[in-house]
1. Compute the angle between helix A:168-183 and the longest alpha-carbon principal axis of chain A, please, reported from 0 to 90 degrees and rounded to the nearest 10.
2. Enter the mean projected area of the convex hull around the alpha-carbon atoms of the protein assembly as shown, in nm², rounded to one decimal.
3. Taking only DSSP H segments of four or more residues, each worth -39500 (n - 2.57), what value at 222 nm results for chain B once the sum is divided by all its residues, to the nearest 500 deg cm²/dmol?
4. At what distance in nm do the modelled label points of A:K68 and B:F171 sit from each other, each positioned 7 Å from its Cα along Cα→Cβ?
5. Sorted from largest down, give the three principal axis spans of the alpha carbons of region A:26-129, whole angstrom values.
6. What number, in percent, do you get for the relative contact order of region B:2-274 if the mean sequence gap of Cα pairs under 8 Å and at least 6 apart is divided by its residue count?
7. By counting other Cβ atoms within 10 Å of each Cβ, how are A:H180, A:H194 ranked from fewest to most?
8. To check my understanding: the extent here is largest minus smallest coordinate of the Cα atoms along each principal axis. What are those three numbers for region B:2-274, in Å, largest first?
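Nothing in this text is a laboratory measurement; each read-out follows from the coordinates by a stated rule. Here the structure is a predicted model, which is why all the values come from computation and not from measurement. Reconstructed Cβ throughout: ideal geometry from the backbone, glycine too, with neighbour counts over all protein chains shown.
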Amino acid sequence: MADEKVIEITELTKDFKDVKAVNSLSLNVYRGDVFGFLGPNGAGKSTTIRMMLSLINPNHGEIKIFGKSLKKERTSILKRVGAIVEKPDFYGYLSAYKNLEILGRISGTDVSNRRIMEVLELVGLEKRYGSKVKTFSHGMKQRLGLAQVLLHDPDLIILDEPTTGLDPQGMKEIRELIIHLSRDKKKTLFLSSHILYEVELVANRMTIINKGKAIVEGEVDALLNMNKLKVTFEVNDSEQARQILGGTDYIKDLETVANNIMIFSMSSDKVAGLNKYLIENKIEVSAVIPTRSLEEYFLNITEKAS
Amino acid sequence: MITLIRIELYKIFKKWRTYIGFMVIAVIVPVINFAMLAEGEKSLDFMTRNLQQSFVFVGNLLNGYLISYFILTSLAVHIPFLIALVAGDLLAGEATAGTYRLLITRPVARIKIVTSKFIAGLIYSNLLVLWLAVMSLGIGILIFGVGELIVIKSSGIIIFAKNDIIWRFIFAYGFAGLSMTVVTALAFFFSSLVENAIGPIVSTMAVIIVFLILSALPIDFFRNIEPYLFTTYMSSWRNLFEDPVDYQAFIKAIAVLSLHIIILFTITAWIFKRKDILT
């Protein structure tokens with residue numbers, strides 16, 4: 001069951017007049033994945049998600065979800081999918097409770113008072129259940145968006161930029177919820193984001209997309225290991241440190257030296273050794289700052305593609 | 001489907017704009033009645049001034065039926081605006097609010113969504129016409145009582161006995177409901193094309209006004225296209241106030257208006273089914 005494909009996208013293409021928003025995109029998401037769908041703004045992430053939810057009709061290609069063609073079995077597929085597409089908008093003139101009740105009824109799912117209050121409680125909105133949504137902040141709407149995603153207990157959850165506009169605490173809560181849904185509830189999650197840090201923290205597999213094209217797809221860990229860390233060392237005397245390192249392998253990793261700042265490009269297992277070597281040779285190290293590899297990787301790869 | 005229609009009706013009646021139409025009618029009908037109470041006799045004398053030389057009018061000619069007939073004549077042109085206000089918002093309003101995304105990602109066929117919205121709009125339009133009927137007949141009869149209905153035409157006058165009137169009003173308001181359903185279908189069609197509700201409201205009114213102007217112009221070219229304009233048939237309820245009733249013309253008008261509704265809705269459903277939701 002581990003390699004059962006939940007989402008199978010083949011050669012997906014969407015043109016808007018002269019612009020190719022999505023260009024022959026193929027990807028696979030397996031059961032239990034937290035799949036990161038990464039790309040800079042305008043890369044085609046939301047267009048792809050809209051096609052996956054039948055909001056947009058593709059010009060070419062096929063989308064299969066749960067092994068079924070979305071074009072042919074849209075209704076039965078969407079019964080098992082929960083999604084937030086871009087910013088969460090609701091009927092502002094209705095209460096949070098009523099919005100969920102209406103959406104549940106349209107979906108033909110359980111809209112008992114218990115179930116609605118259960119999901120509102122899960123996202124921390126139980127005290128505001130009767131408030132009109134137009135009085136909600138962006139963060140509260142985002143949480144209500146998650147409540148509507150969870151209302152019908154879907155097998156596949158698609159979240160398009162779920163932390164956009166949230167404060168750090170809100171972002172942390174969303175991350176924890178994603179991890180909870182994946183680990184404890186065994187859901188498959190498809191998570192689009194341009195914030196690499198959040199994908200790195202929660203996803204096990206990912207695709208990077210740019211200009212509508214998939215650039216790379218694979219295990220997050222494997223992709224991370226393909227690249228070295230950029231590690232910045234702040235030392236008391238960079239010239240002396242350079243001389244000390246002259247006879248070692250570390251000098252090969254040194255990229256830049258300026259104003260007692262030394263930047264190395266190296267694998268993570270060498271960082272501690274280098275630090276120890278400098279200290280043993282009487283170099284004072286005041287800071288060691290590793291640059292997150294995925295961010296470097298992402299920037300490199302998108303720059304190359306552009 | 002019933003659930004979807006109920007939800008759409010709930011959404012319609014939770015918006016304050018829905019009540020504008022009902023409030024306008026609730027205000028304007030009593031105002032017309034009170035104006036007629038003050039100056040109605042004078043107006044009736046003016047309308048029948050030529051006939052008074054040859055005929056003697058007896059009985060209660062200024063009655064609830066005449067007021068209701070008068071309101072039906074004058075308001076049938078203005079009600080479309082109140083209809084478009086709600087019908088134009090049915091689809092475009094979802095686009096403006098961004099709730100298309102919520103709605104269309106539900107496991108429901110798009111055709112069901114668009115049909116339920118149209119039926120809800122149709123129910124609203126017909127409730128508005130029903131409200132107009134209840135208000136105009138109710139308040140008119142309450143203030144002026146009942147009596148014979150005098151209908152003045154360029155070809156002469158017709159006076160209907162008071163026991164021969166109410167069925168004509170029932171069918172006339174029923175027909176007005178059908179006419180307003182065409183307006184609903186038109187506004188709904190425009191609503192499927194754009195992403196804010198102002199466009200459909202303005203477009204619907206523009207079409208109706210242009211068609212009415214074209215129909216009114218005494219130019220042969222426009223006379224030739226008049227049979228193809230739906231506005232030509234919107235006042236066909238007047239056939240019911242003929243003696244004898246021209247049933248053939250009345251049924252033809254019903255058929256033409258029904259055809260317009262079917263065609264407009266079919267095109268709207270076709271557009272909606274293929275529409276890319278980008279909002």
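1. Helix A:168-183 sits roughly 70 degrees off the main axis of chain A.
2. Approximately 37.1 nm², given one-decimal rounding.
3. Calculated from helices alone, the mean residue ellipticity at 222 nm is -23500 deg cm²/dmol.
4. For A:K68 paired with B:F171, the spin-label model returns 5.1 nm.
5. That gives 44, 31, 29 Å along the principal axes, largest extent first.
6. Answer for region B:2-274 is 25 percent.
7. Going from sparsest to densest Cβ surroundings: A:H180, A:H194.
8. Result, largest extent first: 71, 43, 28 Å.
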